[in-house]
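Student: Mind looking over this structure? Questions follow.
The values are calculated or read from the model by the stated rules, or taken from the named source; none is laboratory data. Being a predicted model, the structure only gives us computed values, none of them experimental. Positions of Cβ are backbone-derived with ideal geometry, glycine not excepted, and every protein chain shown enters the neighbour counts. The area values use the complete protein model at the heavy-atom level, side chains included, leaving out ligands, DNA and RNA. Shrake-Rupley method; radii C 1.70, N 1.55, O 1.52, S 1.80 Å.
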Amino acid sequence: MTSSKRRITVVSLSLVGLCGALAILQSTLQKNQSPLPSITEENVEYGASYSSTSFSSRRQLSEALPNGGCRLTWPKKPAPGTPITYAASYPGCGARMTWNLVEALTGLETGDDWNNNGRGSEVVTVKTHYPQSNGILPEFDDRIHRAFIVIRNPLESIPSFFNHIYEMRNHLPVHSERAPVEEWVKWRDAYVDIEIAEYKKFVFYWMDRYTPENRHLITYEGLTDDLIGAEVAKGLNEFLGQVDGVDPIERDSVPCIWKAVVKNQPPAEQAAQIAKLQALALNKPQSQQGLNQQGPPYSPPEGQQPSLRRRLDPGHHDSQRKGPAVPRPYTTRQLDSMMNMLLEIGERFKAEDVRLYHIMMGYYEKVREARIKMTPDESVQQPPGGFY
């Protein structure tokens with residue numbers, strides 16, 4: 001089981017360069033203003049219109065523009081000695097999305113526990129699923145003294161994790177297709193109990209490893225929410241900037257970056273341009289995309305190979321997977337086990353982190369709703385109360 005999962009992880013396609021493609025997003029330019037700038041990695045804006053002489057650059061990467069706008073460019077290596085932060089998440093919780101959000105917020109390169117992109121310790125964050133069996137701790141683990149932790153309701157994260165497994169088994173691009181329900185059921189019956197236990201182990205490990213001032217907890221649901229997502233991203237931005245060597249984007253420009261990375265919702269008048277950039281980022285001939293060949297080609301910085309990464313994955317999560325978006329069924333016993341696990345986590349950290357307690361109770365309520373739908377005549381224990 002462990003060996004198989006690790007092989008799946010090692011062969012996974014890295015999306016760490018995702019925000020590199022986002023680096024070529026153009027700004028929202030109002031009518032009667034100057035034409036769009038040329039498509040180059042150095043000259044790409046998104047959000048607010050500007051004049052090149054109307055502001056002074058705060059830094060070279062992920063620059064804040066007036067009126068909450070932003071410019072996203074290719075991330076660079078952090079300065080030597082910059083403290084590293086773990087980006088810890090249970091599988092299926094938007095790890096790649098947050099990975100790219102970190103690069104866009106900080107302008108610095110990120111890495112992963114398996115060192116798939118070869119960046120080693122010269123990164124601002126290291127993505128890991130540890131202690132879930134797909135994750136490991138890197139050899140420089142003793143140098144990492146802080147973490148942000150991403151969690152999601154296991155009712156949704158476990159099926160999302162299986163979608164990834166299904167893609168790898170069938171040699172499909174990551175985040176491209178939902179597994180058929182019948183495939184889910186076969187895997188579920190063999191492995192869901194293991195994953196429920198691993199979810200608890202994951203939360204316990206990271207909550208116990210670091211003190212409150214050295215950890216930052218976010219939920220996938222919050223980060224992707226249309227109303228509060230940008231605020232969640234602001235909290236992450238502030239946490240990342242608490243160490244020397246990390247100078248994150250201005251707070252007012254965080255919503256612009258969040259919208260570009262998490263939602264990929266450019267203005268309507270930019271749709272054709274974004275489609276063109278997507279085709280370039282995915283290394284597909286534009287003729288296959290119904291696009292013309294105008295504009296200079298997109299070229300990454302020296303040493304970065306676009307063919308190894310998908311440069312722009314619209315939406316970045318399950319909403320872009322093909323296939324029926326239908327609930328993945330569990331058995332009543334599995335839902336009961338999941339509820340018990342969530343209650344155990346909530347009670348374990350109730351005194352130490354009341355927010356985590358409420359998150360777990362919110363997840364419990366969702367699982368309980370699914371359980372009631374399966375057996376409406378049975379009495380299912382209500383949670384002590386909570387929300388997320």
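Student: Given axes a ≥ b ≥ c from the Cα gyration tensor, I'd like to know whether segment 155-231 is rounded (a/c under 1.5), prolate (a/b larger than b/c) or oblate. Walk me through the numbers on the way to the answer.
Tutor: Numbers: a/c = 2.54, a/b = 1.50, b/c = 1.69.
Oblate.
Student: Here is a further query. Using a 1.4 angstrom probe with every protein chain in place, what is the largest-first accessible-area order of Glu221, Glu378?
Tutor: Details: Glu221 40, Glu378 95 Å².
Descending order: Glu378, Glu221.
Student: Quick check: convex hull of the Cα atoms in segment 209-252, volume per residue, rounded to a whole Å³? Don't skip to the end; give the middle numbers.
Tutor: Numbers: hull volume 3.6 nm³, N = 44.
Convex hull of Cα atoms, per residue: 82 Å³.
Student: Quick one: Cα centre-to-centre distance for segment 225-246 and segment 154-202, in angstrom?
Tutor: Answer, in whole Å: 29.
Student: Probe radius 1.4 Å, ligands and nucleic acids left out: which of Val232, Val354 has the largest accessible area, and how do the rest follow? Before the final figure, lay out the partial values.
Tutor: On the way: Val232 35, Val354 85 Å².
Largest to smallest exposure gives the sequence Val354, Val232.
Student: Using a 1.4 Å probe, how large is the accessible area of Thr224, given in Å² and rounded to the nearest 10?
Tutor: Rounded to the nearest 10, that gives 20 Å².
Student: Placing +1 at every Lys and Arg Cβ and -1 at every Asp and Glu Cβ, with all other atoms neutral, what dipole size does segment 94-253 have around its Cα centre, in debye to the nearest 20? Kindly include the intermediate steps, with their values, before the conclusion.
Tutor: Values: 16 positive and 28 negative charges, 65 e Å.
Approximately 320 debye in magnitude.
Student: Magnitude of the Cβ-charge dipole of segment 127-217, K/R +1 and D/E -1, about the Cα centre, nearest 20 debye?
Tutor: Working: 12 positive and 14 negative charges, 47 e Å.
The dipole of segment 127-217 has a size of about 220 debye.
Student: Using a 1.4 Å probe and ignoring any ligands, DNA or RNA, find the accessible area of Tyr357 and quote it in Å² to the nearest 10.
Tutor: Taking all protein chains as shown, Tyr357 has close to 10 Å².
Student: What does the charge count near Gln242 come to, summing +1 for each Lys or Arg and -1 for each Asp or Glu among other residues with Cβ under 10 Å from its Cβ?
Tutor: Its environment carries a net charge of -2.
Student: Let's see if you can work this out: charge +1 on each Lys and Arg Cβ, -1 on each Asp and Glu Cβ, no other charges. What is the dipole magnitude of segment 333-376 about its Cα centre, in debye to the nearest 20? Mind showing how you got there, number by number?
Tutor: Values: 8 positive and 7 negative charges, 40 e Å.
Taking the Cα centre of segment 333-376 as origin, the dipole is about 200 debye.
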